[in-house]
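One structure is given below, encoded as structure tokens.
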Amino acid sequence: MKTTDYLIIGAGASGLAFADTLLGESDAEVLLIDRRAKVGGHWRDAYSFVRLHSPSAYYGVDSLPLGQNRIIASGRNTGFYEQATGAEVCAYFETVRASRLEASGRAHFLARSEFLDHHGGTASIRHTGSGEIEQIGVRRRVVDARYQEASVPATHVPSYAVDPDAAFAPIGMLPGRAGEHRGFIVIGAGKTAVDACLWLLDAGIDPERIRWVRPREMWFTDRAGMQPLDQVASIINGLADDAQAGAQARTLVDLCHRLEDVGRLMRIDSGIEPTMYRGTMLSLAELSALRQIDNVIRLGHVKSVEAGRLRLTDGDVAIGPGTLVVDCSARGLASSPQVPIFAHDTITLQQLRHNSPTFNAALLGFIEAHGDDAAEKNRMAPPNPYASTPRDMATMFTRTWVSERLWQGQPDIRRWIEHSRLNLLGGLALRMEDAAVKAAAGRFATHVATAVARLPQLA
């Protein structure tokens, strides 16, 4: 029977980031399993034109940079740090597997394997190709890296019915199907729908030929405020904006409008109050492009896609000849109920600091490597559920700031964070003599305690 110290379920970004730090901070042995043939998780199922919506500089595993920290020289994100393509992310994770994990001699990857159960130090897994069930001895813990697993377009099943005769495609099929059609109806209001609309515009499709089903509106974060390294002043200034708005806002709507007024949050339609927030980033140039699509369908959620007709909860819309309906309704990261991260024989990876998925997994690997008491580790790592609404956003900000205060009180955790390449505030200490950085840090310090006290009341 194979044995290992840690069995990690899911070899996506979080599972790999956790394993990478755990291996670097301990002498543990790790076995990663995944139902897919290769590491990379949901990136393996992503549409061909997907990119990170955050800079590559703080994504991936801690021990290996992703990209070259180049500045984008053209397009709608000119002047920002590079955002890796899906293909680049997949290639990067393959390099992580070979040169960082397996090269250690203490990590192995089992492809096309699914977790069944775990009892008394023995886990059962099924090899999906053969159906064979194998027992794995687990000396320490089973690590669940799937708990907040993304719902991705390639494997997503729409919540509405689709007539087999309808001209319909998930976003992944859009590049191959677009040339057959003159018009397009995009279903969804989040990042995936944004990507589809921007792809169509870049392909030369006239905005008048695009209709966009948006049952609700979303608040987006301005990408200019999330730039690291030499532009890290943008991040601390954005955090200061968040804290100041949180300290002064009278209502949740007022909070969002204050953040909109300072350019922290953006919405596509300024005349409609957004009810969604998921931390998705846009540049001002992307926002301007999306606003060219003014044929927006606001008749509730889609009930069915039929040949020639789109049925929605508040009415029907005709689908003209030569029109392709594009599904972009996959939800993305799961807002799973929070559970304690560290238990006797399991670790359930979850968000800690908002908008920092691989940083969170790596930090949990560090905490696991250096702690023995589950209660103390859980005190250092309170879960922070993903946001779906402005109310969730307010709660999420608060929990991040409370956790950051805890980490600053622990010298070993503080040192790790300061030196981690996944820390979006990396290099801030070296730039504290910069007037803009110093002013923003002072403004954050002035308002954060009041914001921590007030935001839960608003939420």
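Taking only pairs six or more apart or across chains, which ones have beta-carbon atoms under 6 Å, a first residue in the range 98-121 that is assigned to a loop (DSSP other than H, G, I, E, B), and a second residue that is of a type in the set (Asp, Glu)?
Close Cβ pairs (under 6 Å, with a partner that is of a type in the set (Asp, Glu)) amount to Arg106/Glu29.
For the range 312-343, enumerate the residues that are modelled with pLDDT of 95 or more and polar (S, T, N, Q).
Thr313, Thr323
Name the residues in the range 8-23 that are among the small types (Gly, Ala, Ser) and assigned to a helix (DSSP H, G or I), would you?
Let us first name the residues in the range 8-23 that are among the small types (Gly, Ala, Ser), namely 10-15, 17, 19.
Result: Ala13, Ser14, Gly15, Ala17, Ala19.
So for the range 162-169 (the condition being surrounded by 18 or more Cβ atoms within 10 Å (Cβ to Cβ), assigned to a strand (DSSP E or B) and in the same structural domain as Ala362 (by TED's automatic domain parsing)), does at least one residue qualify?
No, because not a single residue in the range 162-169 is surrounded by 18 or more Cβ atoms within 10 Å (Cβ to Cβ), assigned to a strand (DSSP E or B) and in the same structural domain as Ala362 (by TED's automatic domain parsing).
Given (1) basic (Lys, Arg); (2) in contact with a Ser or Thr (Cβ under 7 Å, 6 or more places away or on another chain); (3) assigned by TED's automatic domain parsing to the domain that holds Ala123, identify the lone condition not met by Lys303.
(3)
Hey, can you tell me all the residues within the range 253-264 that are within 15 Å of Arg278 (Cα to Cα) and out of contact with any Asp or Glu (no Cβ under 7 Å at 6 or more places or on another chain)?
Cys256
Just to confirm my filter: which helices (runs of 4 or more DSSP H) fall fully inside the range 174-278 and include at least 3 residues that are acidic (Asp, Glu) and either in the same structural domain as Gly315 (by TED's automatic domain parsing) or modelled with pLDDT of 95 or more (or both)?
Working: elements: 174-177, 191-202, 233-248, 252-261.
Here the list reads 252-261.
Here is a check on your reading of the model: is Phe444 surrounded by 21 or more Cβ atoms within 10 Å (Cβ to Cβ), closer than 21 Å to Ser234 by Cα and of a type in the set (A, V, I, L, M, F, W, C)? Steps first, please.
Working: surrounded by 21 or more Cβ atoms within 10 Å (Cβ to Cβ): no; closer than 21 Å to Ser234 by Cα: yes; of a type in the set (A, V, I, L, M, F, W, C): yes.
Here the answer is no, as Phe444 does not meet what is asked.
Right, Glu88: assigned to a helix (DSSP H, G or I) and surrounded by fewer than 21 Cβ atoms within 10 Å (Cβ to Cβ) or not?
Working: assigned to a helix (DSSP H, G or I): yes; surrounded by fewer than 21 Cβ atoms within 10 Å (Cβ to Cβ): yes.
Judged against the criteria, Glu88 is a match.
Taking the residues in the range 21-41 that are surrounded by 22 or more Cβ atoms within 10 Å (Cβ to Cβ) and out of contact with any helix residue (DSSP H, G or I) (no Cβ under 8 Å at 6 or more places or on another chain) as candidates, determine which candidate is farthest from Thr192 (Cα to Cα). Spell out the reasoning first.
Restricting attention to the range 21-41, the residues satisfying the condition of being surrounded by 22 or more Cβ atoms within 10 Å (Cβ to Cβ) are 21-23, 30-34, 39-41.
Filter once more, keeping what is out of contact with any helix residue (DSSP H, G or I) (no Cβ under 8 Å at 6 or more places or on another chain): 31, 33.
Details: Leu31: 32, Ile33: 27 Å.
By that ranking, first place goes to Leu31.
Residue check: is Phe109 at pLDDT 95 or above, within 14 Å of Ala37 (Cα to Cα) and aromatic (Phe, Trp, Tyr)? Spell out the reasoning first.
Working: at pLDDT 95 or above: yes; within 14 Å of Ala37 (Cα to Cα): yes; aromatic (Phe, Trp, Tyr): yes.
Against the criterion (at pLDDT 95 or above, within 14 Å of Ala37 (Cα to Cα) and aromatic (Phe, Trp, Tyr)), Phe109 qualifies.
Regarding Ser54, is this residue among the small types (Gly, Ala, Ser), within 30 Å of Leu282 (Cα to Cα) and either assigned by TED's automatic domain parsing to the domain that holds Thr192 or surrounded by fewer than 19 Cβ atoms within 10 Å (Cβ to Cβ) (or both)? First the steps, then the outcome.
Details: among the small types (Gly, Ala, Ser): yes; within 30 Å of Leu282 (Cα to Cα): yes; either assigned by TED's automatic domain parsing to the domain that holds Thr192 or surrounded by fewer than 19 Cβ atoms within 10 Å (Cβ to Cβ) (or both): no.
The answer is no for Ser54.
If a residue has to be touching a Leu at 6+ places or on another chain (Cβ under 8 Å), among the aliphatic types (A, V, I, L, M) and over 15 Å from Asp242 (Cβ atoms) to count, how many in the range 423-459 make the cut?
1
Just to check your reading of the model, which residue among Ala394, Ala387, Ala381, Ala361 is at pLDDT below 95, buried (at least 22 other Cβ atoms within 10 Å of the Cβ) and assigned by TED's automatic domain parsing to the domain that holds Ala123? I'd like the intermediate steps shown before the answer.
On the way: Ala394 fails: at pLDDT below 95; Ala381 fails: at pLDDT below 95; Ala361 fails: at pLDDT below 95.
Exactly one residue qualifies, and that residue is Ala387.
Would it be correct to say that Arg146 is more than 30 Å from Ile319 (Cβ to Cβ) and modelled with pLDDT of 95 or more?
Numbers: more than 30 Å from Ile319 (Cβ to Cβ): yes; modelled with pLDDT of 95 or more: no.
For Arg146, the condition - more than 30 Å from Ile319 (Cβ to Cβ) and modelled with pLDDT of 95 or more - is not met.
Counting just the residues of the range 243-286 that are among the hydroxyl-bearing types (Ser, Thr, Tyr) and under 24 Å from the mean Cα position of the chain (by Cα), which one comes out farthest from Ala451 (Cα to Cα)?
Restricting attention to the range 243-286, the residues satisfying the condition of being among the hydroxyl-bearing types (Ser, Thr, Tyr) are 251, 270, 275, 277, 280, 283.
Still in the list and also under 24 Å from the mean Cα position of the chain (by Cα): 275, 277, 280, 283.
Numbers: Thr275: 21, Tyr277: 19, Thr280: 22, Ser283: 27 Å.
Taking the candidates together, the pick is Ser283.
What number of residues in the range 397-426 are assigned to a helix (DSSP H, G or I), out of contact with any helix residue (DSSP H, G or I) (no Cβ under 9 Å at 6 or more places or on another chain) and either free of Cβ contacts under 8 Å to residues at least 12 places away in the same chain or not assigned by TED's automatic domain parsing to the domain that holds Ser54 (or both)?
Looking only at that region, the number is 3.
Yes or no, residue by residue, for (1) in contact with a Leu (Cβ under 7 Å, 6 or more places away or on another chain); (2) within 30 Å of Leu200 (Cβ to Cβ); (3) aromatic (Phe, Trp, Tyr); (4) without any contact (Cβ under 8 Å) to a residue 40 or more places away in the chain:
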| site | (1), (2), (3), (4) |
| --- | --- |
| Ile8 | yes, no, no, no |
| Gly12 | no, yes, no, no |
| Ala37 | no, no, no, no |
| Val50 | no, yes, no, no |
| Asn69 | yes, no, no, no |
| Gly79 | no, yes, no, yes |
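Need pairs with beta-carbon distance below 7 Å; first residue farther than 27 Å from Pro55 by Cβ and within the range 267-282, second assigned to a loop (DSSP other than H, G, I, E, B) and of a type in the set (Lys, Arg); sequence gap 6+ or separate chains.
These pairs meet every condition: Thr275/Arg216.
Return the total of residues in the range 427-441 being surrounded by 13 or more Cβ atoms within 10 Å (Cβ to Cβ) and part of a helix (DSSP H, G or I). Write out each step before concluding.
First pass over the range 427-441, keeping only residues surrounded by 13 or more Cβ atoms within 10 Å (Cβ to Cβ): 427-428, 431, 434, 437-441.
So of that shortlist, the ones also part of a helix (DSSP H, G or I) come out as 431, 437-441.
Of the residues in that region, 6 qualify.
The values are calculated or read from the model by the stated rules, or taken from the named source; none is laboratory data. What you see is a predicted model, and the numbers here were worked out from it, not measured in a lab. Using ideal geometry, Cβ is built from the backbone for each residue, glycine included, and neighbour counts are taken over all protein chains shown.
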